[in-house]
Amino acid sequence: MTRDPYQTLGVTKSASTEEIRKAYRKKAKELHPDLHPNDEKKANAFKEASAAFEILSDESKRAQFDRGEIDADGNPTGFAGAGGGYGGGFGGGFRQHGSSFQGDPFEDILSGMFGGQRRRAGPRKGADTRYRVDISFEDSVLGAKRQMTMADNKSLNVSIPPGVATGQVLRLKSQGEPSQTGGPPGDALLELHVRPSKTWTREGSDLRMSVPLPLKTAVLGGNIEVPTPAGTVTLKVPEGANTGMVLRLRNKGVQFKDTPGHLYARLEVTLEDPKDESLREWARQR
């Protein structure tokens, strides 16, 4: 049966490039061979999805397919199945043929690896290794260099750039599996999970928090200590401040190199000692 790459990815013929990319990512995460070892059915479905993405993500190939000039494997129509030095289409498993499959559902650089192209002779890159790692909220805001021990007890030196978010993937070059054919090692792919903070919330490059404000400082003004991801700073509060007032701490948000964000502190007036008799007496006289 002739495959239709649009049907394979579950998109319409009018789908945008971004819609096609999202559809492929979803398929890749569901069907990737690393998640379903020894499942030939899912492996074949993954290869068909990858072949479809190879056609539809390339404007030229997509136009050729729409005009009927090439088939779903990228072969000129009328010559499909002729073989002649091609890599056998998408039947069989990539790993069983000794190659290191480099398709990664988290990356955009996926075109040019499928679709009846000739296999390259010589050493091939080792397989990538995937991990899921937790990082602190502070490290996601400030960036950090950490030595992390993975689930397989492998120790990796990781540079975390400021501004990363849950679901983002860091690639560590040459930290994956060694090549079986004398090529370079694969990469380590770290999917990040940022632990939430009890103090701050993030909005883009900015942070927000609530700060307790003593009644006396609210009335007369003064300085209070405010925690930031980089450490405690002193915040000047104007006299007559009230609950709900928001003060900005400039450049104390996410530490992007060129344009760091800000930290916004919402004041909440509190009573240091609700049973203070002098305060109770003052209230009775009002």
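The values are calculated or read from the model by the stated rules, or taken from the named source; none is laboratory data. The structure displayed is predicted, hence computed values, not measured ones. With ideal geometry, Cβ positions are generated from the backbone for all residues, glycine too; neighbour counts draw on all protein chains shown.
When region 157-191 is examined, which residues are found to be without any contact (Cβ under 8 Å) to a residue 40 or more places away in the chain and over 26 Å from PRO229 (Cβ atoms)?
Selection gives LYS173, SER174.
Being farther than 19 Å from LYS236 by Cα and in contact with a Lys or Arg (Cβ under 6 Å, 6 or more places away or on another chain) is the filter here; which residues of region 199-215 pass it?
THR201
Residues are listed down the side, and each one gets a yes or a no for (1) under 20 Å from the mean Cα position of the chain (by Cα); (2) part of a loop (DSSP other than H, G, I, E, B); (3) surrounded by 13 or more Cβ atoms within 10 Å (Cβ to Cβ):
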position: GLN175; (1), (2), (3): yes, yes, yes
position: GLY182; (1), (2), (3): no, yes, no
position: VAL226; (1), (2), (3): no, no, yes
position: LYS236; (1), (2), (3): no, no, no
position: ALA241; (1), (2), (3): no, yes, yes
position: LEU247; (1), (2), (3): no, no, yes
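Report, by residue number, each residue of region 1-35 that is under 24 Å from the mean Cα position of the chain (by Cα) and among the hydroxyl-bearing types (Ser, Thr, Tyr).
SER16, THR17, TYR24
Tell me the residue from ALA144, ALA151 that is surrounded by fewer than 19 Cβ atoms within 10 Å (Cβ to Cβ), at pLDDT below 95 and in contact with a strand residue (DSSP E or B) (Cβ under 9 Å, 6 or more places away or on another chain), please.
None of the others qualify; the one that does is ALA151.
Please go through region 184-199 and pick out each residue that is closer than 30 Å to ARG248 by Cα and surrounded by 19 or more Cβ atoms within 10 Å (Cβ to Cβ).
Selection gives LEU192, VAL194.
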